[in-house]
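Trainee: Sharing a structure below in structure tokens format, with a few things to ask.
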């Protein structure tokens with residue numbers, strides 16, 4: 001089936017945006033195919049490194065992150081992106097399919113997150129760093145929740161200028177890995193909006209994780225969150241209705 005020129009042009013822009021997500025070992029182990037009005041995300045056997053990732057878990061996590069950027073780029077172009085994870089059991093290398101549906105009015109949050117995709121990802125802790133305030137950490141947790149995951153702060157030494165946390169899902173299937181990747185990317189972008197640098201690893205075998213997770217939750221990503229103190233001075237709680245909007249921060253000035 002021929003793909004309309006306008007849809008193909010939009011799809012090509014979305015593919016470029018999707019490649020801005022975090023990668024594993026600096027390799028994009030996926031590829032995109034535009035056909036029949038869909039953008040398909042395929043695992044790329046030529047770039048996949050099974051010795052480092054025998055089950056493909058990291059591949060699914062990073063592919064999920066790319067999906068968030070693709071969805072935000074679709075919103076920026078005025079499209080609603082409808083995503084199906086693992087849409088074809090007969091083709092296990094197809095990780096997701098994205099269909100550009102009706103018109104979409106971009107929200108303020110989507111504008112901020114899309115702008116964050118255009119900035120370089122910063123994992124290094126700021127020189128003058130501090131733990132994010134609890135309301136902000138909770139807000140990052142809400143970002144993860146929107147993608148079907150949960151963020152749990154971990155006990156952290158008082159002198160450490162960062163907050164350790166673990167990202168979890170209910171289950172440990174390829175679909176849950178994709179959801180965890182989407183949650184990770186939304187969290188990273190939300191952190192960027194609030195001057196929070198985030199380092200992360202998929203090695204979650206660390207003390208304290210079992211103490212903060214609930215039965216059935218599976219740890220997927222270990223994170224360290226650190227906010228730039230200088231940038232935090234530009235952020236303050238909204239003046240009105242502070243008691244009703246705890247955890248909501250806005251940039252001023």
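Trainee: Å³ per residue of the Cα convex hull, for the stretch 160-226?
Mentor: Cα-based convex hull of the stretch 160-226, divided per residue, equals 83 Å³.
Trainee: Pairs of Cα atoms under 8 Å, at least six residues apart: use those to get the relative contact order of the stretch 5-117, whole percent.
Mentor: 29
Trainee: Can you tell me, using C-alpha contacts under 8 Å and at least 6 residues apart, the relative contact order of the stretch 36-98 as a whole percent?
Mentor: 45
Trainee: Could you give the length gained on full extension between residue 124 and residue 82, defined as 0.36 nm per residue of separation minus the Cα-Cα distance, in nm?
Mentor: 11.7 nm
Trainee: Relative to the present Cα-Cα distance, how much length would full extension add between residue 218 and residue 89 at 0.36 nm per residue of separation?
Mentor: 44.1 nm
Trainee: Separate question: Suppose the chain between residue 229 and residue 109 were pulled fully straight at 0.36 nm per residue; how much longer would it get relative to their current alpha carbon spacing?
Mentor: 40.9 nm
Trainee: Separate question: Could you sort the peptides 31-44, 153-166 by per-residue average Cβ neighbour count (10 Å cutoff), highest mean leading?
Mentor: 31-44, 153-166
Trainee: I would also like to ask the following. Could you tell me the center-to-center distance, by alpha carbons, between the stretch 127-160 and the stretch 39-95 in angstrom?
Mentor: That distance is 26 Å.
Every number in this text was worked out from the coordinates using simple rules, so none of it is lab data. The structure displayed is predicted, hence computed values, not measured ones. Note: ideal-geometry Cβ built from the backbone for every residue, glycine included; neighbour counts use all protein chains shown.
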